[in-house]
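The values are calculated or read from the model by the stated rules, or taken from the named source; none is laboratory data. These numbers come from a predicted model, not from an experiment. Don't worry about glycine lacking a Cβ; one is built from the backbone with ideal geometry, like all the others, and counts go over all protein chains shown. When the accessible area is computed, the model is the full protein with side chains, heavy atoms only, and any ligands, DNA or RNA have been set aside. Shrake-Rupley method; radii C 1.70, N 1.55, O 1.52, S 1.80 Å.
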Amino acid sequence: MNQPDQDDNDAPGRVPSNHDRDGQDLTGGETWTLRLYVAGQTPKSLSAFANLQALCEKHLAGRYRIEVIDLLEQPQLAQGDQILAIPTVVRRLPLPIRKIIGDLSDVERALVGLDLRPSPAEKRD
Amino acid sequence: MSSRRDPLPKAPTGILGFDEITEGGLPRGRPTLICGSAGCGKTLFAMEFLVRGATQFEEPGVFIAFEETAEELTQNVASLGFDLDELVAREQLALDFVAIERNELEETGDFDLSGLFIRLGYAIDSIGAKRVVLDTLEAVFAGLPNPVILRAELRRLLRWLKDKGVTAIVTGERGDGQLTRQGLEEYVSDCVITLDHQQREQTWTRRLRVVKYRGSSHGTNDYPFLIDAQGLSVTPITSLGLDHTVSNERISTGITRLDAMLGDAGYFRGSSILVSGTAGTGKSSLAGHFASAACARGERVLYFAFEESPSQIQRNLSAIGLDLAHWVDQGLLQFHATRPSFSGLEMHLSLIHRAVQQFEPSAVILDPLNSFVSGNNTLEVKAMLTRLIDFLKTRQITALFTSLTTGGESLERTDSAISSLIDSWLLLMAVNTGGERNRTLSVLKSRGMAHSNQTREFLITNDGIELREVYLGPDGVLTGSARAVWESAEESERLARRQEIERRQHELERRRAVLDAQITALRQEFEAQEAETMAMIERERERETQRQQDRASVASLRRAGPAQRSPEANNP
């Protein structure tokens, strides 16, 4: 598990090595679809939205779409994506679906969670 | 207690027996924690609470499942006769499966569980739910990071449920040294119930205990409970206490002589009777007589057989002239045959309960009782019996237990564990005399009646049981052929005595006859003498008269006056 060099038994959720050109454009040309679940205009949800947008601007400029779903208004949508914690970001595209929770103040973890962060071995190149 | 002044509103669960233990159910509008190890019935308890609430008390419910999907859940409880699909379709139940898979979730900062609140709130509002189950809430801890946030959120969730006014059940896994792994009991302060599944003597028994019930009195014991095709049933017998009313009615034992031994009337209705004895002393026959007599009075009898099959019992009893089969056909007699090892004591107790509640008999027979006793569980058997007897007594059901005692042990000691609970105790014994085993019956005790202190010989004949007087010989009680020998010896002795008396009477008669004859002879002799003497006197008197006449005629011949007669008289 702790051998990052062996790509073959890495987590299936990893996007293959198309993210190494200049450390900025980490993905292919695909458009990312991210869904942010919040519950009302709380400080937590506002900061989550701001953090998400900043992160996308930095790494996915022009190739992302953020849907914000306020569960106070559409509670029936909570079941579909199995939302429990608020805020939750669901990466709907590219597949596979990934979920991260929290207000995204921890950028490192957010990048890992969304699989936007190059692995340390690739960073060395 | 404050509950007496201001009774805590309660939500009945509809679970058999549970509402009795808790005096009405779970605290209404408050959360209850149900904890226990895996497979102890938490989910079923919670689900039955919702289903009964929806079907019996018009309180729709929401089930939030963290471990099973709605489909799995529906399948699992279908075996209890709960049709969740139909309840969902009628909007009496809402099922929501909350899937948490940790490896999908990265924690990136502050979060809360508003999503869960919203889903729950949405489900509650969609059907107007009054009851909520969260099963098992601890899965949240396993699935989500940051326990500090989770604990705070949990507290908020329970607060929120209270504010919503729903009666909630939260389930939790049993942990080491505390009730639940995550210490959920700290948050749920109103009512805590533990479920348990224990092995004793190779059988498993489910138990339920109300650990805490704020603002209400409740039973504090371990209550056995049962999960079967009708759902859960808890056995709350100990809560009944000793306040049952007693009957003065007497019912026949089925054996006239035995009725006579028990104060001329038989057992009390609603009493508990123990028939104990060694193997083959006729315990089941006695029970059969009792059952038959009760059926003949038109009463229902429930016969629990733990060692023989119903058909075997019927065959054996028909051999002594008791036809139980036609009482079975008439629906007055019902057999329940199970092996004691089939389930735990508590399970048996629950089964007995359920059968009694369904059949409503006026008498119950347990044959034999002590097949439950294995190893050192006499204390538990006693506890079970206490509960059973209490239960039957409150219903005025007469209970007859047979108990097999092993040879070599003192009979009184063997049954001491249960004897104090018994009202009438009959002891059957096999007596070994003169190369025979014979049966005797005695009444060891019988509360509230003047019972015989006699031992009777107990005969099993083709026409049923017969009781005979026993004889006390120089070597103790005589039974069987020894009794017969004794009887004939006594008879011949009596005959001899009678003959002797007759002989003496004859002798006396004869003597009297002799005496009479002697008296007659003497009298005749006397009379003969008397007659002779009288005749002599008569003859003398006639002679004198004759003489005077002669003298007178002589005088007249001499022409002498009478004055001259005298000297002449002296001169013959």
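Each row is one residue, and each column tells you yes or no for (1) of a type in the set (F, W, Y); (2) buried (at least 23 other Cβ atoms within 10 Å of the Cβ).
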{"site": "B:S285", "(1), (2)": "no, yes"}
{"site": "B:F306", "(1), (2)": "yes, no"}
{"site": "B:Q312", "(1), (2)": "no, no"}
{"site": "B:N316", "(1), (2)": "no, no"}
{"site": "B:G321", "(1), (2)": "no, no"}
- Message: Quick check on my filter: what residues within the range B:102-120 are more than 7 Å from every other protein chain (Cβ to nearest Cβ), out of contact with any Gly (no Cβ under 8 Å at 6 or more places or on another chain) and open to solvent by 10 Å² or more (accessible area, probe 1.4 Å)?
- Response: B:N103, B:F117
- Note on the structure: When the range A:29-51 is checked residue by residue, the ones that are within 12 Å of chain B (Cβ to nearest Cβ), open to solvent by 50 Å² or more (accessible area, probe 1.4 Å) and assigned to a loop (DSSP other than H, G, I, E, B) are A:T42
- Result of the Cβ filter at 7 Å on the range B:66-81, keeping first residues that are closer than 19 Å to B:I227 by Cα and partners that are open to solvent by 70 Å² or more (accessible area, probe 1.4 Å), at least 6 apart or interchain, is B:T74/B:D85; B:G81/B:Q230
- List the helices (runs of 4 or more DSSP H) that sit entirely inside the range B:1-79 and contain at least 2 residues that are open to solvent by less than 10 Å² (accessible area, probe 1.4 Å) and touching a strand residue (DSSP E or B) at 6+ places or on another chain (Cβ under 8 Å). B:18-21, B:42-56
- Item | Sole exception among (1) under 24 Å from B:D96 (Cβ atoms); (2) not in a strand (DSSP E or B) for A:E57, by number | (1)
- Task: Might you check whether a residue that is basic (K, R), assigned to a loop (DSSP other than H, G, I, E, B) and out of contact with any helix residue (DSSP H, G or I) (no Cβ under 6 Å at 6 or more places or on another chain) occurs anywhere in the range B:273-292?
- Result: no
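Counting only residues that are under 11 Å from the mean Cα position of the chain (by Cα), free of Cβ contacts under 8 Å to residues at least 40 places away in the same chain and within 10 Å of chain B (Cβ to nearest Cβ), which one in the range A:56-101 is surrounded by the most Cβ atoms within 10 Å (Cβ to Cβ)?
Keep residues of the range A:56-101 that are under 11 Å from the mean Cα position of the chain (by Cα), which gives A:56, A:59-60, A:64, A:66, A:88-94, A:97-101.
If we keep only those that are free of Cβ contacts under 8 Å to residues at least 40 places away in the same chain too, we end up with A:56, A:64, A:66, A:97, A:99-101.
Add one more test, that the residue is within 10 Å of chain B (Cβ to nearest Cβ), and what stays is A:97, A:99-101.
Numbers: A:I97: 13, A:K99: 21, A:I100: 28, A:I101: 30.
Ranking the qualifying residues of the range A:56-101, first place goes to A:I101.
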- Message: So in the range A:102-116, with the set limited to residues that are outside any helix (DSSP H, G or I) and more than 7 Å from every other protein chain (Cβ to nearest Cβ), which one is most open to solvent (accessible area, probe 1.4 Å)?
- Response: A:D115
- Note on the structure: Of those in the range B:192-227 that are open to solvent by 40 Å² or more (accessible area, probe 1.4 Å) and acidic (D, E), the residue modelled with the lowest pLDDT is B:E201
- Query: Among the residues of the range B:126-155, which ones are buried (at least 19 other Cβ atoms within 10 Å of the Cβ), within 19 Å of B:P27 (Cα to Cα) and away from chain A (no Cβ under 13 Å)?
  - Reply: B:A129, B:K130, B:R131, B:V132, B:V133, B:D135
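Of the residues B:A99, B:A94, B:A123, only one is open to solvent by 20 Å² or more (accessible area, probe 1.4 Å), closer than 23 Å to A:D70 by Cβ, within 12 Å of chain A (Cβ to nearest Cβ) and of a type in the set (A, V, I, L, M, F, W, C); which?
On the way: B:A94 fails: open to solvent by 20 Å² or more (accessible area, probe 1.4 Å); B:A123 fails: open to solvent by 20 Å² or more (accessible area, probe 1.4 Å).
Result of the check over B:A99, B:A94, B:A123: B:A99.
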